[in-house]
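Heads up: the structure comes next, in structure tokens.
Computed from the coordinates by the stated procedures, all read-outs in this text should not be read as laboratory data. Keep in mind that what you see is a predicted model, and the values were worked out from it rather than measured.
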Amino acid sequence: MYPYPVGRESIEKCNKRQKEVITLNVQETTLSVPDIGCDGCVNTIQGAFKHVPGVQAVQADAATKQVHLSYDPQVITMERVESVLSEAGYPVAK
Ligand SMILES: [Cu+2]
């Protein structure tokens, strides 16, 4: 019922949530992955990153054989990104 009591705890939770949003740091990169041959490969790559923390978006392209990635470098390193791709069967070309 109104007036709804607003406790200190709920305000702190709210601030904490806001802080998480503010500290989100997004970097974008494009990687060359020559083994992408078809839409099946595209799905495999996009699926491989589905539950990888720190990766916000992945777009694989069979025509250009590239993977576009949005990630948070404070959460995931490029080495880890490359190893996820290698483990899925798609090593990054250097
Ligand atoms: Cu394929």
Exercise for review: Kindly write out, for the stretch 72-79 in residue order, the coupling ³J(HN,Hα) from the Karplus curve 6.51 cos²θ - 1.76 cosθ + 1.60 (θ = phi - 60°), rounded to whole Hz, with x marking Gly and Pro.
Suggested key: 9, x, 7, 10, 9, 8, 4, 4
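State, to one decimal in nm², a quarter of the convex hull surface area for the C-alpha atoms of the stretch 26-87, i.e. the direction-averaged projected area.
Working: hull surface 14.4 nm².
Quarter of the Cα hull surface area: 3.6 nm².
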